[in-house]
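Below: one structure, written as structure tokens.
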Amino acid sequence: MTMNIIGPDYLVFGVDDLEACTQYLLDYGLSAVGDGRFEALDGTGVHLRHRDDPSLPVAMGTATQLRETVYGVGDEDSLRLIEREMSQDRPVTRGEDGILRCIDDMGFALGFRISQRRDVLLPAERSNAPGDANRAVNLLGVTEDMAALPRSLSHVVYFVPDSAKAEAFYARLGFVCTDRFIGVGPFMRPAGTQDHHTLFLIQTPPFMKGVEHFTFHMGGPTEVMTAGTRLVEKGYQSFWGPGRHKLGSNWFWYFNSPLGCHVEYDADMDLHDDSWVARVAAPGADNSQYFLLTHREKWAPGGAEPKAE
Ligand SMILES: [Fe+2]
């Protein structure tokens, strides 16, 4: 039997500025569904509370505003397996909300529930090429009013003080390393998904412990560019991207956010199964992306000299 963990169903944040974070998540493209909950198209999402909300799990004692990562699992058997495994060496509770809860070896609060994500009944972004036309005749590849909405919570990245210890913990939950940055940490895939990673661990000094970024899958690179451009036009600050990662092949664009971490859009991540052999790469710019672009104001030849941002 395997622990059929699919990926994070939602992340819980206890934030300083509830109003700014609410506006940010709406501008990012999530839908408010009440009670501080924000959803992507498949129902995965982010829950916002004020940092002093007594219903939140205890803060980790660093600057991070992430308070809980709740994983969606495929079946009750998996929940029982997780409960049995975790009960060996730590308290495990089942809340009134049915969520199984414990704390990982780094101090991150975790929850597990039968995933409530819905199927996304939308095609991936289609592209046409000589020899392989994928988009229907008369259907436009990009429009001013196209939706470009986050589809599903993709992955979360933790700063951890001991990435080997953290990796060993997640291995107990059935996560496997798909690729690794030497001296940094592993990309990890749980058993219930083929996504290259739903978790990436970055070794840092203990005072930095917390979330580095989270991201949602988009329908393709055009949606990443479209949604990212709209965020820039609303005044938010691009942090890194757009570009395309090497490990995972995912398109990326990262933004600063009032949630105290970066927030990313991604698309077209590699899928892997158990036959995949993890690569090992030196960290640094060359291995972090195949290419990196930078946003600039809209411009056309003949106009004033373009301004880089
Ligand atoms: Fe990422």
* Leaving out ligands, DNA and RNA, what percent of the accessible area of the chain is carbon and sulfur, probe 1.4 Å? -> 54 percent
* To do: Would you calculate a helix-derived [θ] at 222 nm for the chain, using -39,500 (n - 2.57) for each DSSP H run of n ≥ 4 and dividing by the full residue count, to the nearest 500?
  => -4500 deg cm²/dmol
* Asked: For LYS209, which aspartates and glutamates qualify as cross-link partners when the Cα separation must be under 16 Å and same-chain residues fewer than eight apart are set aside?
  -> GLU68, ASP104, ASP105, ASP162, GLU167
* Structure fact -> Net charge (Lys, Arg +1; Asp, Glu -1) of residues whose beta-carbon lies under 12 Å from that of ARG117, ARG117 excluded, is -1
* Structure fact -> So for the range 266-309, using the alpha carbon gyration tensor with a ≥ b ≥ c as root eigenvalues (a/c under 1.5 gives rounded; past that, a/b versus b/c decides prolate or oblate), I'd call it prolate
* Over the chain, one equal point on each Cα, no solvent: what is log10 I(q)/I(0) by the Debye formula at q = 0.12, 0.15 Å⁻¹? -> -0.82, -1.29
* Asked: Summing Lys, Arg as +1 and Asp, Glu as -1, what charge do residues with Cβ under 14 Å from the Cβ of VAL156 carry, VAL156 excluded?
  -> -4
* Asked: Which of ALA164, ALA129, ALA267 moves the most in a Gaussian network model of the chain with Cα springs under 10 Å?
  -> ALA129
* To do: Determine which aspartates and glutamates satisfy two conditions relative to LYS234: a Cα distance under 17 Å, and not lying fewer than 8 residues away in the same chain.
  => GLU19, ASP27, GLU144, ASP145, GLU223, GLU264, GLU297, GLU309
* Structure fact -> Taking a straight Cα-to-Cα line shorter than 14 Å from LYS246, and setting aside same-chain aspartates and glutamates fewer than 8 residues away, one finds ASP179, ASP266, ASP268, ASP270, ASP286
* Around GLY210, which amide H atoms from residues at least 5 apart in sequence, or from another chain, sit under 5 Å from its own amide H, with H modelled in the peptide plane? -> PHE159
* **Heavy-atom surface of the chain, accessible at 1.4 Å and reported per residue (Å²)** => 48 Å²
* Structure fact -> Residues meeting the amide H criterion for CYS261 (H placed from the backbone, H to H distance under 5 Å, 5 or more places apart or on another chain) are none
* Asked: Given q = 0.12, 0.18, 0.20, 0.23 Å⁻¹, what are the Debye log10 I(q)/I(0) values for the range 86-209, with equal point scatterers placed on the Cα positions and solvent ignored?
  -> -0.65, -1.04, -1.18, -1.39
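The values are calculated or read from the model by the stated rules, or taken from the named source; none is laboratory data. What you are looking at is a predicted structure, and each value in this text was computed from that prediction instead of being measured. Ideal geometry is used to build each Cβ from the backbone, glycine not excepted, and the neighbour counts take in all protein chains shown. Each accessible area value is taken on the protein alone, full model and side chains, heavy atoms only, with ligands, DNA and RNA left out. Shrake-Rupley method; radii C 1.70, N 1.55, O 1.52, S 1.80 Å.
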